[in-house]
Amino acid sequence: MRYVKLFEQFISESGNAIAQSRPFEQHEVAGTLAWIEKNVFPHLGIDGLGEDAAVIGSAGKKNPGETSGDIDIAVSADKIAGHLDTSLGKVLFEMNDLLKSKGLDTSMAVGFQQVSIAAPIDGKANNGVGQVDLMLSRDINWSTFMYHSPDFTKDESKYKGAYRNILLMAAIGKSFVEIVDQTEEGDVKEYEAYVIRLNQGVVKVRKSFVGKKGLVKNAKLLKEFDKEITNVPEEITDLLFNGAKVKDIMTYESLRDLINSTLFKFPEKRDEIFKEFEVKLGMSGLPLPEDIAK
């Protein structure tokens with residue numbers, strides 16, 4: 001549940017770092033990105049969007065008349081660290097210091113591993129400034145996949161990316177569970193399961209219900225057993241489905257339909273998955289989609 005909260009927190013809070021910023025109109029996104037590529041990326045050793053950076057989130061994908069509070073861009077932590085000749089542990093701080101030294105108004109969020117900057121909207125100073133978040137990523141392909149937002153101008157989905165992510169997390173979490181140890185009465189003491197971590201990928205974890213005075217209600221993570229499985233979108237698709245493509249799991253509706261199809265490898269888990277999906281939606285403060293709310 002922690003990673004669902006982090007995703008929602010990233011989406012809802014990352015737009016509050018630059019006080020004087022105003023929201024972007026959709027037609028202002030492209031010009032702002034062009035300004036970033038020309039005036040910010042060279043300082044960081046970033047070649048450009050599509051190379052070692054990618055726009056994530058919904059900016060530029062909303063309908064005319066709707067605004068975006070900020071523009072989110074994933075940037076290669078490794079590429080920037082190499083350019084600045086620093087370590088991955090220090091790169092966020094040095095990136096922030098460098099951009100400040102170039103006269104940019106910045107705000108650093110260590111927890112989100114991002115630096116927010118005030119950028120001239122549409123690349124024009126007289127338009128005021130908008131907030132652009134540069135989020136460090138160890139894998140641009142993974143970040144693009146995990147922070148994907150449907151293009152609402154093309155009616156790709158009725159629901160924002162959080163819906164797809166929460167359903168995907170539920171599908172991975174419920175489909176790969178193995179009991180490691182249990183009591184003579186059949187109560188679970190330890191189990192292993194797959195989880196999706198936003199900054200990492202699919203990880204096999206082990207949890208224990210064993211407390212000092214017997215079994216406890218909430219299982220504790222045994223961190224020493226963490227094992228990375230994959231952060232390759234194609235491999236994640238193959239974990240759950242026979243013959244599906246990554247493009248088939250990019251929206252809530254398409255992922256839901258695949259889980260309900262014969263391509264899903266774990267049909268016996270469907271009820272658990274959708275129950276978990278509803279619970280986590282509620283915990284995230286999101287309303288149920290229309291197909292479930294009926």
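Residue-by-condition table, conditions (1) open to solvent by less than 60 Å² (accessible area, probe 1.4 Å); (2) in contact with a Leu (Cβ under 7 Å, 6 or more places away or on another chain); (3) modelled with pLDDT of 95 or more:
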site	(1), (2), (3)
ARG2	no, no, no
LEU6	yes, yes, no
GLN9	no, no, no
SER14	yes, no, no
GLY31	yes, no, yes
GLU37	no, yes, yes
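Every residue in the stretch 211-245 that is crowded, with 17+ Cβ neighbours inside 10 Å and either acidic (Asp, Glu) or more than 14 Å from PHE176 (Cα to Cα) (or both), please.
Matches in the stretch 211-245: ALA219, ASN231, PRO233, ALA244.
Looking at (1) within 22 Å of PHE145 (Cβ to Cβ); (2) in contact (Cβ under 8 Å) with a residue 12 or more places away in the chain; (3) in contact with a helix residue (DSSP H, G or I) (Cβ under 8 Å, 6 or more places away or on another chain); (4) surrounded by fewer than 17 Cβ atoms within 10 Å (Cβ to Cβ), which one does GLY48 not meet, given that it meets all the others?
It fails just one condition, (2).
Would a scan of the stretch 251-263 turn up a residue that is of a type in the set (Val, Ile, Thr) and at pLDDT below 95? Full working, then the answer.
Taking the stretch 251-263 as the starting set, the residues that turn out to be of a type in the set (Val, Ile, Thr) are 251, 259, 262.
Then drop every residue that is not at pLDDT below 95, which leaves none.
No, that holds for no residue.
Show me the helices (runs of 4 or more DSSP H) found entirely inside the stretch 252-294 where at least 3 residues are over 19 Å from the mean Cα position of the chain (by Cα) and without any contact (Cβ under 8 Å) to a residue 60 or more places away in the chain.
Working: elements: 252-259, 270-284, 290-293.
In the stretch 252-294, the matching helices (runs of 4 or more DSSP H) lie at 270-284, 290-293.
Can you name every one of the strands (runs of 3 or more DSSP E) wholly within the stretch 79-195 that holds 1 or more residues which are without any contact (Cβ under 8 Å) to a residue 24 or more places away in the chain and among the charged types (D, E, K, R)? Step through it out loud before you land on a result.
Details: elements: 106-109, 114-120, 129-137, 177-182.
Output list reads 177-182.
If you take the residues in the stretch 100-142 that are polar (S, T, N, Q) and open to solvent by less than 10 Å² (accessible area, probe 1.4 Å), which one is nearest to LEU33 (Cα to Cα)? Even if it seems obvious, please write down each step before you answer.
Keep residues of the stretch 100-142 that are polar (S, T, N, Q), which gives 101, 106-107, 113-114, 116, 126-127, 131, 137, 141.
Next, from what is left, pick out any that are open to solvent by less than 10 Å² (accessible area, probe 1.4 Å): 114, 116, 131, 137.
Values: GLN114: 17, SER116: 14, GLN131: 11, SER137: 18 Å.
Here the residue is GLN131.
The values are calculated or read from the model by the stated rules, or taken from the named source; none is laboratory data. Here the structure is a predicted model, which is why all the values come from computation and not from measurement. Here the Cβ is made from the backbone with ideal geometry for all residues, glycine too, and neighbour counts use every protein chain on show. Side chains are part of the model used for accessible areas, which takes the heavy atoms of the whole protein and leaves out ligands, DNA and RNA. Shrake-Rupley method; radii C 1.70, N 1.55, O 1.52, S 1.80 Å.
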